[in-house]
């Protein structure tokens with residue numbers, strides 16, 4: 001399972017425009033710099049669950065709206081998370097999927113650090 005930062009960023013941008021806010025206004029209300037907010041919108045940075053919650057609050061939208069369609073399968077195709085029934089997501093399926101993806105990324109990073117450490121000490 002892959003989480004698409006680009007889709008999350010696109011959803012944030014759409015919600016920001018619907019809220020009639022500029023990037024600068026949204027960034028200020030969220031409490032981050034404009035550069036960081038822009039990188040999140042462009043999908044260059046992966047926002048934390050806490051940051052997504054803050055952005056959703058500022059944009060007067062839901063996490064469902066910001067995360068809709070962001071889960072991809074192994075072949076990088078959108079899967080069933082495109083459903084039009086928001087009740088499917090009231091129980092945190094997206095949050096669990098994101099946490100699982102973050103866990104995988106952290107494990108890969110940890111493994112790389114261990115490999116680099118063992119290579120450097122050889």
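Could we say that residue 65 is more than 20 Å from residue 24 (Cα to Cα), at pLDDT below 90 and assigned to a helix (DSSP H, G or I) here? Taking the combined requirement at face value, the residue satisfies it. Hey, does region 8-17 have a residue that's exposed (fewer than 14 other Cβ atoms within 10 Å of the Cβ), assigned to a loop (DSSP other than H, G, I, E, B) and on the phi < 0 side of the Ramachandran plot? So far as region 8-17 goes, no, none of its residues is exposed (fewer than 14 other Cβ atoms within 10 Å of the Cβ), assigned to a loop (DSSP other than H, G, I, E, B) and on the phi < 0 side of the Ramachandran plot.
Among the residues making up region 18-43, a single one is at positive phi and surrounded by 14 or more Cβ atoms within 10 Å (Cβ to Cβ): 43. Among the residues of region 25-46, just one is over 16 Å from the mean Cα position of the chain (by Cα), touching a residue at least 24 places away in the same chain (Cβ under 8 Å) and farther than 16 Å from residue 14 by Cα, namely 29. Name the single residue that is nearest to the chain's Cα centre (by Cα) among those in region 48-61 being in contact (Cβ under 8 Å) with a residue 40 or more places away in the chain and within 18 Å of residue 24 (Cβ to Cβ). Only one residue tops the list, namely 55.
Does residue 81 satisfy being crowded, with 17+ Cβ neighbours inside 10 Å, part of a helix (DSSP H, G or I) and at pLDDT below 70?
Details: crowded, with 17+ Cβ neighbours inside 10 Å: yes; part of a helix (DSSP H, G or I): yes; at pLDDT below 70: yes.
Answer is yes for this residue.
Table: residues versus (1) more than 24 Å from residue 104 (Cα to Cα); (2) touching a helix residue (DSSP H, G or I) at 6+ places or on another chain (Cβ under 8 Å).
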| position | (1), (2) |
| --- | --- |
| 9 | no, yes |
| 18 | yes, no |
| 30 | yes, yes |
| 41 | no, yes |
| 45 | no, yes |
| 56 | yes, yes |
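Residue 50 - would you say it is modelled with pLDDT under 95 and in a loop (DSSP other than H, G, I, E, B)? In short, no.
The values are calculated or read from the model by the stated rules, or taken from the named source; none is laboratory data. Here the structure is a predicted model, which is why all the values come from computation and not from measurement. Because the Cβ atoms are built from the backbone with ideal geometry, glycine has one as well, and the counts that use them run over all protein chains shown.
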